[in-house]
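These notes are about the structure you will find just below.
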Amino acid sequence: MNAIENIAASACYKSAAATFCLVLLVGCSALPTPPNRPVSYDFGPGLTGLPAADRRASLPPIALADVEATGLSESSTAVLYRLNYADAQQLRPYTLARWTQPPVQLVQQALRAQLGLRRPVLQDADAAAQARDTARGGKLPAVLRIELEEFSHLFTSPAESTGLLRLRATLVDPTPAGETLLGQRVFIVQKPAPTPDAAGGTRALAAAARQVAVEIDEWVAQGVK
(Lines give C-alpha, C1' and ligand atoms only; values in the text may rest on other atoms or scores of the structure.)
Protein backbone atom coordinates (compact mmCIF):
# COMPACT_ATOMS: atom_id res chain seq x y z
CA MET A 1 0.00 0.00 0.00
CA ASN A 2 1.57 3.28 -1.06
CA ALA A 3 1.45 6.57 0.75
CA ILE A 4 -1.60 7.80 -1.14
CA GLU A 5 -3.53 4.63 -0.26
CA ASN A 6 -2.53 4.99 3.41
CA ILE A 7 -3.82 8.55 3.50
CA ALA A 8 -7.07 7.49 1.83
CA ALA A 9 -7.56 4.61 4.27
CA SER A 10 -6.91 6.86 7.27
CA ALA A 11 -9.43 9.36 5.97
CA CYS A 12 -12.02 6.60 5.59
CA TYR A 13 -11.47 5.42 9.16
CA LYS A 14 -11.87 8.96 10.51
CA SER A 15 -15.00 9.51 8.46
CA ALA A 16 -16.51 6.25 9.67
CA ALA A 17 -15.70 7.09 13.28
CA ALA A 18 -17.24 10.55 12.93
CA THR A 19 -20.36 9.06 11.39
CA PHE A 20 -20.65 6.52 14.22
CA CYS A 21 -20.30 9.26 16.85
CA LEU A 22 -22.92 11.36 15.11
CA VAL A 23 -25.35 8.44 14.99
CA LEU A 24 -24.67 7.73 18.68
CA LEU A 25 -25.36 11.34 19.65
CA VAL A 26 -28.56 11.44 17.65
CA GLY A 27 -29.65 8.20 19.25
CA CYS A 28 -28.97 9.54 22.75
CA SER A 29 -30.88 12.75 22.09
CA ALA A 30 -33.85 10.74 20.87
CA LEU A 31 -34.13 8.85 24.17
CA PRO A 32 -37.09 10.01 26.31
CA THR A 33 -36.07 12.18 29.25
CA PRO A 34 -37.47 11.16 32.63
CA PRO A 35 -40.48 13.31 33.58
CA ASN A 36 -39.99 15.97 36.23
CA ARG A 37 -41.84 15.14 39.41
CA PRO A 38 -43.87 17.79 41.24
CA VAL A 39 -42.28 19.27 44.35
CA SER A 40 -44.40 18.82 47.48
CA TYR A 41 -44.91 21.66 49.98
CA ASP A 42 -46.54 21.99 53.39
CA PHE A 43 -46.62 24.70 56.07
CA GLY A 44 -43.30 23.70 57.62
CA PRO A 45 -42.49 21.69 60.75
CA GLY A 46 -44.70 23.75 63.07
CA LEU A 47 -43.73 23.94 66.73
CA THR A 48 -40.29 22.46 67.34
CA GLY A 49 -40.52 22.87 71.09
CA LEU A 50 -43.03 23.64 73.79
CA PRO A 51 -43.73 27.39 74.08
CA ALA A 52 -43.17 29.21 77.36
CA ALA A 53 -45.98 28.73 79.84
CA ASP A 54 -48.84 31.16 79.29
CA ARG A 55 -49.76 32.70 82.63
CA ARG A 56 -53.14 33.81 81.39
CA ALA A 57 -56.16 31.76 82.41
CA SER A 58 -56.92 28.78 80.21
CA LEU A 59 -59.87 29.22 77.88
CA PRO A 60 -62.91 26.93 77.62
CA PRO A 61 -62.79 24.02 75.16
CA ILE A 62 -63.81 24.61 71.57
CA ALA A 63 -64.94 22.22 68.85
CA LEU A 64 -63.28 22.80 65.49
CA ALA A 65 -65.38 21.54 62.60
CA ASP A 66 -63.75 20.29 59.42
CA VAL A 67 -62.67 23.23 57.28
CA GLU A 68 -64.77 23.50 54.14
CA ALA A 69 -63.89 25.04 50.79
CA THR A 70 -66.14 27.47 48.93
CA GLY A 71 -65.53 27.35 45.18
CA LEU A 72 -62.40 25.23 45.67
CA SER A 73 -61.91 21.50 45.39
CA GLU A 74 -61.61 20.07 48.89
CA SER A 75 -59.57 17.08 47.68
CA SER A 76 -57.16 18.84 45.30
CA THR A 77 -53.53 19.35 46.33
CA ALA A 78 -52.73 21.75 43.47
CA VAL A 79 -50.84 24.97 44.23
CA LEU A 80 -52.93 27.66 42.57
CA TYR A 81 -52.01 31.11 41.30
CA ARG A 82 -53.68 34.10 39.63
CA LEU A 83 -52.24 36.73 37.28
CA ASN A 84 -54.04 39.76 38.65
CA TYR A 85 -52.43 42.01 36.04
CA ALA A 86 -53.57 39.84 33.10
CA ASP A 87 -56.62 37.71 33.88
CA ALA A 88 -57.52 37.67 37.56
CA GLN A 89 -60.58 35.50 36.94
CA GLN A 90 -58.49 32.54 35.83
CA LEU A 91 -57.22 30.28 38.59
CA ARG A 92 -54.22 28.31 37.33
CA PRO A 93 -52.36 25.34 38.86
CA TYR A 94 -48.58 25.11 38.99
CA THR A 95 -47.52 22.12 36.90
CA LEU A 96 -44.64 20.97 39.11
CA ALA A 97 -45.85 21.92 42.59
CA ARG A 98 -48.25 20.22 44.97
CA TRP A 99 -49.35 20.54 48.57
CA THR A 100 -48.74 17.45 50.68
CA GLN A 101 -52.41 17.60 51.71
CA PRO A 102 -55.44 19.55 50.47
CA PRO A 103 -55.25 23.18 51.68
CA VAL A 104 -58.36 22.75 53.83
CA GLN A 105 -56.51 20.14 55.89
CA LEU A 106 -53.35 22.23 56.15
CA VAL A 107 -55.35 25.28 57.28
CA GLN A 108 -57.19 23.13 59.84
CA GLN A 109 -53.88 21.87 61.25
CA ALA A 110 -52.62 25.45 61.58
CA LEU A 111 -55.81 26.47 63.38
CA ARG A 112 -55.73 23.46 65.70
CA ALA A 113 -52.11 24.14 66.64
CA GLN A 114 -52.78 27.81 67.44
CA LEU A 115 -56.09 27.33 69.24
CA GLY A 116 -54.65 24.46 71.26
CA LEU A 117 -52.05 26.66 72.92
CA ARG A 118 -54.57 27.89 75.49
CA ARG A 119 -57.56 25.54 75.30
CA PRO A 120 -58.61 21.98 74.52
CA VAL A 121 -59.58 21.67 70.85
CA LEU A 122 -62.17 19.00 70.10
CA GLN A 123 -63.48 17.55 66.88
CA ASP A 124 -67.17 17.51 66.06
CA ALA A 125 -67.36 13.86 67.06
CA ASP A 126 -65.84 14.66 70.44
CA ALA A 127 -68.33 17.48 70.95
CA ALA A 128 -71.22 15.23 70.00
CA ALA A 129 -70.09 12.69 72.56
CA GLN A 130 -70.17 15.39 75.21
CA ALA A 131 -73.81 16.06 74.35
CA ARG A 132 -74.69 13.02 76.42
CA ASP A 133 -73.43 14.87 79.48
CA THR A 134 -75.69 17.85 78.88
CA ALA A 135 -78.57 16.23 80.72
CA ARG A 136 -76.35 16.06 83.78
CA GLY A 137 -75.72 19.78 83.66
CA GLY A 138 -72.74 19.75 81.32
CA LYS A 139 -72.27 22.47 78.70
CA LEU A 140 -71.38 21.78 75.11
CA PRO A 141 -68.34 23.62 73.78
CA ALA A 142 -68.75 26.34 71.21
CA VAL A 143 -68.24 25.20 67.60
CA LEU A 144 -65.96 27.01 65.17
CA ARG A 145 -66.72 26.54 61.48
CA ILE A 146 -64.38 27.72 58.73
CA GLU A 147 -65.08 28.21 55.02
CA LEU A 148 -61.95 28.68 52.90
CA GLU A 149 -62.85 31.04 50.06
CA GLU A 150 -59.46 31.91 48.50
CA PHE A 151 -56.05 30.33 48.84
CA SER A 152 -53.84 31.35 45.95
CA HIS A 153 -50.54 32.89 44.89
CA LEU A 154 -51.61 36.29 43.55
CA PHE A 155 -49.36 38.09 41.06
CA THR A 156 -49.79 41.87 40.85
CA SER A 157 -46.96 41.98 38.27
CA PRO A 158 -44.54 39.40 36.85
CA ALA A 159 -42.07 40.22 39.63
CA GLU A 160 -44.36 41.01 42.59
CA SER A 161 -46.79 38.63 44.24
CA THR A 162 -48.45 37.71 47.52
CA GLY A 163 -50.01 34.71 49.17
CA LEU A 164 -53.72 35.50 49.50
CA LEU A 165 -55.91 33.72 52.06
CA ARG A 166 -59.55 34.60 52.60
CA LEU A 167 -61.91 32.65 54.84
CA ARG A 168 -65.17 33.02 56.72
CA ALA A 169 -65.28 32.01 60.38
CA THR A 170 -68.54 31.28 62.18
CA LEU A 171 -68.75 30.68 65.92
CA VAL A 172 -71.91 29.08 67.33
CA ASP A 173 -73.09 27.94 70.75
CA PRO A 174 -74.88 24.57 70.49
CA THR A 175 -77.83 23.98 72.81
CA PRO A 176 -80.49 21.26 73.00
CA ALA A 177 -82.88 23.73 71.36
CA GLY A 178 -80.52 24.59 68.50
CA GLU A 179 -77.51 26.74 67.74
CA THR A 180 -77.01 30.33 68.82
CA LEU A 181 -74.80 32.49 66.63
CA LEU A 182 -71.96 34.00 68.64
CA GLY A 183 -70.27 35.73 65.75
CA GLN A 184 -69.20 35.59 62.13
CA ARG A 185 -66.32 37.34 60.42
CA VAL A 186 -64.37 37.31 57.17
CA PHE A 187 -60.58 37.23 57.54
CA ILE A 188 -58.32 38.35 54.69
CA VAL A 189 -54.54 38.02 54.93
CA GLN A 190 -51.90 38.72 52.28
CA LYS A 191 -48.22 37.96 52.75
CA PRO A 192 -45.50 38.97 50.26
CA ALA A 193 -43.91 36.11 48.36
CA PRO A 194 -40.10 36.11 48.56
CA THR A 195 -39.80 34.80 44.99
CA PRO A 196 -42.22 34.89 42.02
CA ASP A 197 -42.59 31.13 41.74
CA ALA A 198 -44.24 28.15 43.42
CA ALA A 199 -41.63 28.01 46.18
CA GLY A 200 -42.19 31.66 47.06
CA GLY A 201 -45.96 31.36 46.77
CA THR A 202 -46.19 28.40 49.13
CA ARG A 203 -44.01 30.18 51.70
CA ALA A 204 -46.27 33.23 51.53
CA LEU A 205 -49.43 31.14 51.87
CA ALA A 206 -48.00 29.25 54.84
CA ALA A 207 -47.22 32.58 56.53
CA ALA A 208 -50.75 33.82 55.76
CA ALA A 209 -52.25 30.68 57.32
CA ARG A 210 -50.22 31.14 60.49
CA GLN A 211 -51.28 34.77 60.79
CA VAL A 212 -54.96 34.08 60.21
CA ALA A 213 -54.81 31.35 62.86
CA VAL A 214 -53.53 33.92 65.37
CA GLU A 215 -56.25 36.41 64.39
CA ILE A 216 -58.99 33.79 64.70
CA ASP A 217 -57.59 32.68 68.06
CA GLU A 218 -57.88 36.24 69.38
CA TRP A 219 -61.36 36.65 67.92
CA VAL A 220 -62.59 33.39 69.41
CA ALA A 221 -61.15 34.31 72.81
CA GLN A 222 -63.46 37.30 72.83
CA GLY A 223 -66.52 35.29 71.83
CA VAL A 224 -66.17 32.18 74.00
CA LYS A 225 -66.97 32.88 77.65
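Taking the Cβ-Cβ separation of S40 and Q184 as r and a Förster radius of 35 Å, what is the calculated FRET efficiency to the nearest 0.05? Kindly include the intermediate steps, with their values, before the conclusion.
Numbers: r = 34 Å, r/R0 = 0.97.
E(calc), rounded to 0.05, equals 0.55.
How much area per residue is accessible in segment 39-115 when the probe is 1.4 Å and only protein heavy atoms are counted (Å²)?
Numbers: 4670 Å² over 77 residues.
Normalised by residue count, the accessible surface of segment 39-115 is 61 Å².
Cα centroid distance between segment 59-92 and segment 166-196, in Å?
Segment 59-92 and segment 166-196 have Cα centres separated by 13 Å.
Pop out the carbon and sulfur fraction of the accessible area of segment 143-225 as a percent, whole number, probe 1.4 Å. Don't skip to the end; give the middle numbers.
On the way: 1880 of 3700 Å².
Of all accessible area on segment 143-225, carbon and sulfur atoms account for 51 percent.
The values are calculated or read from the model by the stated rules, or taken from the named source; none is laboratory data. Worth saying up front: this structure is predicted, and the values here are computed from it rather than measured. All Cβ positions, even for glycine, are placed from backbone atoms using ideal geometry, and neighbour counts span all protein chains on display. We work out accessible area using only protein heavy atoms, side chains counted, and drop any ligands, DNA or RNA first. Shrake-Rupley method; radii C 1.70, N 1.55, O 1.52, S 1.80 Å.
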